[in-house]
Amino acid sequence: MKLSRRKFLGGAVAAVSSLTLFNFKMFTNSPSVNAADPTSDTMKTFRNVCPRNCYDTCGTITYVQDGILKKVEGDPKHGYTNGKLCLKGYAYPRRVYSPDRIKYPMKQSPRGSGNWTRISWDEAMDTIAKKILDLKKRYGSTLPICLDKYSGNFGIVHYGIEGTMSSLGYTTRALGTPCWPAGIDAQTYDFGTLYNNDPEDMVNAKYIILWGQNAAWTAIHSIPFINKAREHGTKLVVIDPIVTSTASKADLYIQINPSTDGALALGMARYIIDNNWVDWEYARANSIGFDEWVDYIKKDITLDWASEKTGVPKDIIMEIAREYATTKPASMWVGYGMQRHVNGGQNVRIIDALGVMTGNIGKSGGGVNYGHLETWGFNYNAMTNPAPKGSKGFISPDGKEGDRNINMNNFAHDVSVQSDPPVKMLWIACRNPGSQDPDTHAIEKMFASMEFVVTVDSFFNKTVEMSDIVLPATTHFEDWDVMASYWHYWVGINQRAIDPLYESKSDVEIGIELSKKMNALESGSCTFPTSGTPEEWLAKEFNPGMNQMLGIKDYKELIDGPRKANMPPASWSDGKFRTPSKKIEIHSELAKKNGLPALPIWVEEMKNSAKYPIRFMTPHPQHALHSQFQNLDWMMTTNPEPKVEIHPVLAAKYGITEGNMVKVYNDLGSITVKAHLTRTTSPNVVVSYESWYKNSNFNVNYTLKATPSDMGKQATGNNGVAFHDNFVMIEKA
Ligand SMILES: Nc1nc2c(c(=O)[nH]1)N[C@H]1C(S)=C(S)[C@@H](COP(=O)(O)OP(=O)(O)OC[C@H]3O[C@@H](n4cnc5c(=O)[nH]c(N)nc54)[C@H](O)[C@@H]3O)O[C@H]1N2
Ligand SMILES: Nc1nc2c(c(=O)[nH]1)N[C@H]1C(S)=C(S)[C@@H](COP(=O)(O)OP(=O)(O)OC[C@H]3O[C@@H](n4cnc5c(=O)[nH]c(N)nc54)[C@H](O)[C@@H]3O)O[C@H]1N2
Ligand code: SF4
Ligand SMILES: [Mo]
């Protein structure tokens, strides 16, 4: 398969938690759905896991009374999330019972008009099935149908969406991941795959660097482990172009010029070599190409150069180089933000090499930690359906017949250029390209060119607005599923805590309905099963290997609490790297074969232009998960409107003052948004956190070009997007 894919209150811990971890009691005044008395006789509890694309994948306890979800709490049996949730997690009842939920299947005519009418499930399925059969007849295959699914819900049973498409025949698929592909390839070239230390093991680190990682917002449950280490004197360093919430808690914050992390790491490496702090024994025994890289550094890298490139003073580079190399074990956590650049993967490779040269790989309290997929070995039963007999597929260059893969990270373009046959119909589920993809104007144009668009979602968003039919999706409290994390090592299940609301159905149930209709219209036209309860579908995802890893005999044991995989705390502690040479490949022939430098050497960052001199960074928001959550009432109260953060020096240059409406624009498009003047950014970078606000057309991606990052193709099928290499001009609106 392609990689798509605590309890604490006190001391230093509370300082961070008060910013980021909300106590649910803050919200229990709302009489409608949150005033729950957990001791009540009629109160039932269920186990759930937050299925969002979030490092934390929290275990939750769901309180249900008379069939109504009253409250959601953190699950104390989950050893990483330890009984706490983020604001988004506590807000789940507001999401489940939001008046804005899509309640019924609806059709819009004409598309984009806003003229929606409620239709029955039967009419919806009939219209969709007839369209599929019509396209198949006209083009001789189902390749004109394109699936775009990503991270709305990462549950394993939700791979039934891919399964639904497979059961129709060979289709066109948006392949890749916008999250982390460049870094995955970097670690694949270096170590053979991505495989991080157990994040709970960060308590054993004597020195921690968060490199382009905003944990206080995007992975909040790691903070208590980091703080526990700090109680024993561990120093926390944060490297980010923005003074984030995480940076504000650090012992040392380093404001780096964006996309120059490789230069900083090379400068550090030079100083480590000059002072002979290199762990030669580890590096030479476990890697290939190390001496070649050292020669390159001695020849090409100086501290003056590194300082000038990165904007980091020389003495600070020397300080962190010395401390990182001499305080063992030292842990690095490389975030996904810092690899969203044209040289992002290469920068990760250089940071990996720093970990190798200091002997921090394979050690408890160490590691260059990025992510993992070690606990994702499920059956993917819902995903695996054979194409109907006689299906015609896409013939790949190596002669294999199958689906036609296009680039998820250049979706508008790649859909539009298909010609043999063209893409005519989109099936969108767990995905909001209208808001999350680069170049929104191109997305709009591409959607407008389609014959038919079906979107399955729980909320009316920008993508739904561009669809012909919308089908109402259940929330994870209305469904059975199993969830693994790409960061910690816990696995838990989602129980069906409440019945599906209104007429909503899970994505698998939709597959079942579609199959019934397709086969009624044309027998044998769809292989998706037409039966099975949601719990039976869940049961089919487990296998002896997974059960053994989790120490269970049956998935039902997960109802008693999530389980942690039986794994060593330090990744790579067995020294068995998964590269072709079975060693860490500082020199990677595979990278070279793919047109990349074989060694972790410096690759230039993208520069601004005279016309668009200001970098526009659009990282991940605190109270939203992309286009999810910010639309809810609690979030709109907490954070009512979007902003663009501008350094006062830059603002003065353009005559902008606090609260002015500002136009942020480039050749692709513009957004108009309120200015917030702050010194948390630098004078050449403006910042807006991407998310979807209710009743607002704010969307940073109108300005964002689909520029590829340098890596991703090797392990994920396509390169990533250089989201943070975006340049704009600003003016008072
Ligand atoms: N400018 C900018 N753009 C970015 C990024 C950035 O940093 N800057 N980050 C990128 C990254 S890393 C990512 S991961 C993407 C995220 O892109 P997406 O995966 O598209 O993002 P979401 O908004 O989380 O989810 C999409 C939709 O899934 C729906 N959904 C939730 N649960 C279900 C379900 O069970 N079934 C169905 N059918 N639908 C469901 C939600 O309501 C939502 O509308 O955005 C990318 N876009
Ligand atoms: N609250 C919340 N949590 C989330 C998400 C969310 O939307 N909201 N999204 C989830 C998903 S899908 C993902 S992929 C992860 C992403 O998690 P993170 O990796 O933490 O994501 P970002 O916030 O995009 O980027 C992290 C930091 O990288 C910094 N950065 C950008 N460019 C550079 C650079 O060149 N160098 C350095 N050193 N730093 C740089 C940004 O300023 C930002 O502070 O988070 C997940 N968790
Ligand atoms: S969004 Fe992340 S931190 Fe918040 S409840 Fe879900 S998994 Fe936990
Ligand atoms: Mo992501």
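Flag: L264 does not match the condition of being surrounded by fewer than 24 Cβ atoms within 10 Å (Cβ to Cβ), hydrophobic (A, V, I, L, M, F, W, C) and modelled with pLDDT of 95 or more.
Residues in region 94-110 that are in contact with a strand residue (DSSP E or B) (Cβ under 6 Å, 6 or more places away or on another chain) and away from ligand 1 (no atom under 16 Å from the Cβ): K107, Q108. Restricting N432, N360, N369, N410 to residues that are within 16 Å of ligand 2 (Cβ to nearest atom) and under 30 Å from I239 (Cβ atoms) narrows the list to N369.
Just checking, does region 567-574 include any residue being under 30 Å from Q339 (Cα atoms) and of a type in the set (D, E, K, R)? Within region 567-574, one or more residues are under 30 Å from Q339 (Cα atoms) and of a type in the set (D, E, K, R). State whether one or more residues within region 643-655 are of a type in the set (A, V, I, L, M, F, W, C) and assigned to a loop (DSSP other than H, G, I, E, B). Within region 643-655, none of the residues are of a type in the set (A, V, I, L, M, F, W, C) and assigned to a loop (DSSP other than H, G, I, E, B).
Taking K663 as the residue in question, decide whether it is within 26 Å of the chain's Cα centre (by Cα) and surrounded by fewer than 17 Cβ atoms within 10 Å (Cβ to Cβ). When the stated conditions are applied, K663 does not pass them. The residues listed here are V237, V243; of these, the one that is under 24 Å from the mean Cα position of the chain (by Cα), within 16 Å of ligand 2 (Cβ to nearest atom), under 20 Å from A205 (Cβ atoms) and not in a helix (DSSP H, G or I) is V237.
A quick yes/no check of all residues on (1) in the same structural domain as P421 (by TED's automatic domain parsing); (2) crowded, with 24+ Cβ neighbours inside 10 Å; (3) in a strand (DSSP E or B):
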site: E123; (1), (2), (3): yes, no, no
site: I128; (1), (2), (3): yes, no, no
site: I132; (1), (2), (3): yes, yes, no
site: K136; (1), (2), (3): yes, no, no
site: L147; (1), (2), (3): yes, no, yes
site: Y159; (1), (2), (3): yes, yes, no
site: T164; (1), (2), (3): yes, yes, no
site: A174; (1), (2), (3): yes, yes, yes
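Could you list, in sequence order, all residues of region 176-232 that are of a type in the set (S, T, Y) and either part of a loop (DSSP other than H, G, I, E, B) or more than 16 Å from ligand 1 (Cβ to nearest atom) (or both)? Matches in region 176-232: T177, T188, Y189, T193, Y195, Y207, S222. All told, N547 meets the bar of being on the phi < 0 side of the Ramachandran plot and surrounded by 15 or more Cβ atoms within 10 Å (Cβ to Cβ). From the list A205, A215, the one residue that fits, being within 16 Å of ligand 3 (Cβ to nearest atom) and either in contact with a Leu (Cβ under 7 Å, 6 or more places away or on another chain) or not basic (K, R) (or both), is A215. For region 437-468, the tally of residues that are among the polar types (S, T, N, Q), surrounded by fewer than 23 Cβ atoms within 10 Å (Cβ to Cβ) and either within 16 Å of ligand 4 (Cβ to nearest atom) or closer than 18 Å to M165 by Cβ (or both) stands at 0.
Residues in region 379-400: is at least one among the acidic types (D, E), out of contact with any His (no Cβ under 8 Å at 6 or more places or on another chain) and modelled with pLDDT of 95 or more? The answer is no, given that none of the residues of region 379-400 is among the acidic types (D, E), out of contact with any His (no Cβ under 8 Å at 6 or more places or on another chain) and modelled with pLDDT of 95 or more.
Got at least one residue in region 578-586 being within 11 Å of ligand 2 (Cβ to nearest atom) and either among the aliphatic types (A, V, I, L, M) or outside the structural domain of S709 (by TED's automatic domain parsing) (or both)? Within region 578-586, not a single residue is within 11 Å of ligand 2 (Cβ to nearest atom) and either among the aliphatic types (A, V, I, L, M) or outside the structural domain of S709 (by TED's automatic domain parsing) (or both).
Yes or no, residue by residue, for (1) over 27 Å from P241 (Cα atoms); (2) assigned to a loop (DSSP other than H, G, I, E, B):
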position: E308; (1), (2): no, no
position: A325; (1), (2): no, no
position: N347; (1), (2): no, no
position: D352; (1), (2): no, no
position: I361; (1), (2): no, yes
position: N379; (1), (2): yes, yes
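Does R118 satisfy the criteria of being more than 22 Å from the chain's Cα centre (by Cα) and closer than 30 Å to A539 by Cα? Taking the combined requirement at face value, the residue does not satisfy it. Take P619 and tell me if it is within 16 Å of ligand 2 (Cβ to nearest atom) and either among the β-branched types (V, I, T) or under 28 Å from the mean Cα position of the chain (by Cα) (or both). Judged against the criteria, P619 is a match.
When every residue of region 723-733 is checked against the conditions, at least one turns out to be away from ligand 4 (no atom under 16 Å from the Cβ), within 19 Å of P258 (Cα to Cα), over 18 Å from the mean Cα position of the chain (by Cα) and surrounded by fewer than 21 Cβ atoms within 10 Å (Cβ to Cβ). Filtering region 534-553 to residues that are part of a loop (DSSP other than H, G, I, E, B) and within 16 Å of A484 (Cα to Cα) leaves K540, E541, F542, N543, G551, I552.
Yes or no: region 676-699 includes at least one residue that is surrounded by fewer than 19 Cβ atoms within 10 Å (Cβ to Cβ), basic (K, R), within 25 Å of the chain's Cα centre (by Cα) and part of a loop (DSSP other than H, G, I, E, B). Checked region 676-699: at least one residue is surrounded by fewer than 19 Cβ atoms within 10 Å (Cβ to Cβ), basic (K, R), within 25 Å of the chain's Cα centre (by Cα) and part of a loop (DSSP other than H, G, I, E, B).
Sort out which residues of region 346-403 are of a type in the set (A, V, I, L, M, F, W, C) and out of contact with any helix residue (DSSP H, G or I) (no Cβ under 7 Å at 6 or more places or on another chain), and write them in order of number. Those that are of a type in the set (A, V, I, L, M, F, W, C) and out of contact with any helix residue (DSSP H, G or I) (no Cβ under 7 Å at 6 or more places or on another chain): L373, W376, F394, I395. Does K103 satisfy being within 16 Å of ligand 2 (Cβ to nearest atom) and not hydrophobic (A, V, I, L, M, F, W, C)? For K103, the condition - within 16 Å of ligand 2 (Cβ to nearest atom) and not hydrophobic (A, V, I, L, M, F, W, C) - is not met.
The values are calculated or read from the model by the stated rules, or taken from the named source; none is laboratory data. In this text the structure is predicted, and so the values were computed from the model without any measurement. Positions of Cβ are generated from backbone atoms using ideal geometry, with glycine treated the same way; all protein chains shown enter the neighbour counts.
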